[in-house]
Structure formats: structure tokens, C-alpha cells
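The values are calculated or read from the model by the stated rules, or taken from the named source; none is laboratory data. What you see is a predicted model; the values in this text were computed from it and never measured. Here the Cβ positions follow ideal geometry from the backbone for every residue, glycine too, while neighbour counts run over all protein chains shown. The area values use the complete protein model at the heavy-atom level, side chains included, leaving out ligands, DNA and RNA. Shrake-Rupley method; radii C 1.70, N 1.55, O 1.52, S 1.80 Å.
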Amino acid sequence: MIKDQRPPVSANAPSTPGVSSTANREFKFTRQDFDRVKQLIYDYAGIALNDSKQDMVYGRLAKRLRAHNFSTFQEYLVLLERGNEAEWEAFINSLTTNLTSFFREAHHFPVLIEHLRANKANGTLNIWCSASSTGEEPWSLAITAAEAFDSLKPPVKIIATDLDTNVLKTAQAGVYSFDKVDKLTPSQLNKFFTKRSDGQFEIKPELRDMMTFRRQNLIEPHWSIRGPLDAIFCRNVMIYFDRATQLKILERFAPLLHPNGLLFVGHSENLYHATHLFKLRGKTVYTLEK
Ligand SMILES: C[S@@+](CC[C@H](N)C(=O)[O-])C[C@H]1O[C@@H](n2cnc3c(N)ncnc32)[C@H](O)[C@@H]1O
């Protein structure tokens, strides 16, 4: 799911492609307002926003101001700073970026198949999908596990977590429009989804037995996840964190992994700053250093 990143344009605003029109904004949004938002989201979620995100932040939060009938960002920020819980959830959900797709970074899935088969003597194999977004990633893992063992009930458990409660609901529902599943093979669609009367594709109930969904903020001091894990997927989320935050998370992943467990990261992420913890085993796939 990609949230609308366009700044709102008022009816009379001249629109120049690529140039944001701050003068015509509905709400005044100052540098100080942006800095306060930046600090709040950094402290809560570890997300480090850079200055290029000002329009995005304005566009997403303007909706929250309208929802509260506020006329200034100051009023909105005071509500947050007073700790209004419901608004905090909406604030966080508004500022996360949830782009994902089925079998994204396809080279990871054959590696996972081989890894699951090689470790089947371990008993139930445990996978943590730590930034599961709208579910395409964890459901791809479930499909891969079913294919690895040629069974809809493979000896695999997947825990799928995310910070954003909206995307978790979508993930848990497991219902996708055709444009989301059109890269899957006809045989995968047939085996793992039911086509509903509204034309949407719903994950088969058997696959659901493998899956648990839970909210987990990766920068919270307590994680509800227990090891040993055979694989951790932490893809395309560390790019939003600064190096210090990434390192803290990686230090906590290491003891959760089974000695020969695998850590999968996103295409633009690397662990050069954590070579004391992880070594490269293949393209964006890591094992424990010791
Ligand atoms: C770009 S999506 C990546 C989804 C998926 N892993 C993939 O690679 O396709 C990033 C996800 O990270 C989640 N996220 C951001 N900050 C987080 C945090 N502090 N803890 C847990 N999840 C977080 C967002 O809500 C979002 O769903």
C-alpha cells in the first residue's frame, strides 16, 4: 500500500509539476512544526525523516488536522505532546511508508526454501517477519513454506509484526485485489487463494494456521518475540532508521537467531556496520558471525 504522498493542492493553486506550492497550503506549516514532528516520530519509531520529506509530512498530517477541525499544526502537536493515545496511533500510521509486494526481492525465496528443507530436523521452524506491512511479505513466506514441504500444513510458524496497526489489519485479513497478486503463477493462485465473488483473492484458511500477527515497534525496549528463530526477515525498514538505531536492532536480532539461522534484509540495506554480528552469506542474506 502506498500512501498518497502528494501535498494537497487548493482549487485555485497553479500547479507546477515537481514544485510544491507552500504558499497555497491550507494550513501554515513552519520549519519548527516540521522539526517537532521529526523529533516525535524519531523518538517513537526510530524513523529519521530528512528535509526532503516536508511535503509528504504536510500532506499526510493535514488530514489529521482536518479530522480534528484544527486550524494550526501547533494545536495538533499539542494534542500529541499531551499523549493522546488514539491520535498517536493515527499519527504513526500516517507517517509510515508501507510499500510492499508479493515475492518482492524474489532471489530470497529459493534461499529460504533450501534453508527450511535443510533444517527440517529442528522440528517446527520459526520465522519472524519484522516489518510485515500489508501482508504480502509474510504471506509470500507462508506460500514458500508450503511449497518447500509440498504441504498446506508445513512444520513452519511465522510471526508477522509491524508498528502500523492499519497495515496489520490488512495483512491479517489476507484479501487482495488482482493487481496485487497478478505476479503469482496461476497454480499458486489456485492452491493458496480462494477467488471471492467480489473478484478479490483471499488466502486459504490452511495457510493461516502458520501465521500470527502482532504489533511490535522495533525500537521498543521489550520485544514479545522469542528465539531461537530459523529466519528473520527485516526488509526495507532499516533504511528509515539511522545507523545507531539499526545497530541496536541488529544487536537484539543476533541472540534471537538459531546458530545457523538467516537474516534477510532489503536491497538497499547492508550490515557493514555490524560485521562483528553478521556475515554475508549471499545477496542481502546474512548468518551469525559466530
Ligand atoms: C516499506 S515497508 C516494507 C515492507 C516489507 N518488509 C517489504 O520489504 O516489502 C516498511 C514497513 O516498516 C514498518 N515500520 C516502520 N517503522 C517501524 C518500527 N519502528 N517498528 C516496526 N515496524 C516499522 C512500516 O509500518 C512499514 O509497514
Inset, instruction - Any lysines with Cα under 21 Å of the Lys195 Cα? List them, leaving off those in the same chain fewer than 8 positions away. - result: Lys153, Lys169, Lys180, Lys183, Lys204
Legend entry - From the C-alpha gyration tensor of segment 178-224, square roots of 5λ in Å: 30, 13, 10
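Tell me the Kirkwood hydrodynamic radius of segment 108-288 in angstroms, computed as one over the mean inverse distance between distinct C-alpha pairs. If you can, show how the numbers build up before the last one.
Values: mean 1/r = 0.0596 Å⁻¹.
Value: 16.8 Å, from the Cα pair sum.
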Inset, instruction - Starting from the Cα of Lys53, draw a straight line to each of the lysines and keep only those under 19 Å, dropping any in the same chain fewer than 8 residues away. - result: Lys3, Lys28, Lys38, Lys63
Inset, instruction - Taking the Cα centre of segment 216-269 as origin, sum charge times position over the Cβ atoms of Lys and Arg (+1) and Asp and Glu (-1), and report the length of that vector in debye to the nearest 20. - result: 40 debye
Inset, instruction - Quickly rank 53-62, 190-199, 27-36 as a protection proxy: mean count of other C-beta atoms within 10 Å, highest first. - result: 53-62, 27-36, 190-199
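Dipole magnitude of the chain about its Cα centre, charges +1 at Lys/Arg Cβ and -1 at Asp/Glu Cβ only, in debye to the nearest 20?
Details: 37 positive and 32 negative charges, 53 e Å.
So the dipole magnitude of the chain works out to roughly 260 debye.
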Inset, instruction - Give the shape of segment 22-95 as rounded, prolate or oblate, defined through the alpha-carbon gyration tensor: a ≥ b ≥ c are the square roots of its eigenvalues, a/c under 1.5 means rounded, and otherwise the shape is prolate if a/b is larger than b/c and oblate if not. - result: oblate
Inset, instruction - Excluding residues fewer than 8 places away in the same chain, name every one of the lysines whose C-alpha is closer than 26 Å to that of Lys279. - result: Lys120, Lys157, Lys248, Lys290
Legend entry - Accessible surface of the chain, 1.4 Å probe, proportion on carbon and sulfur as whole %: 53 percent
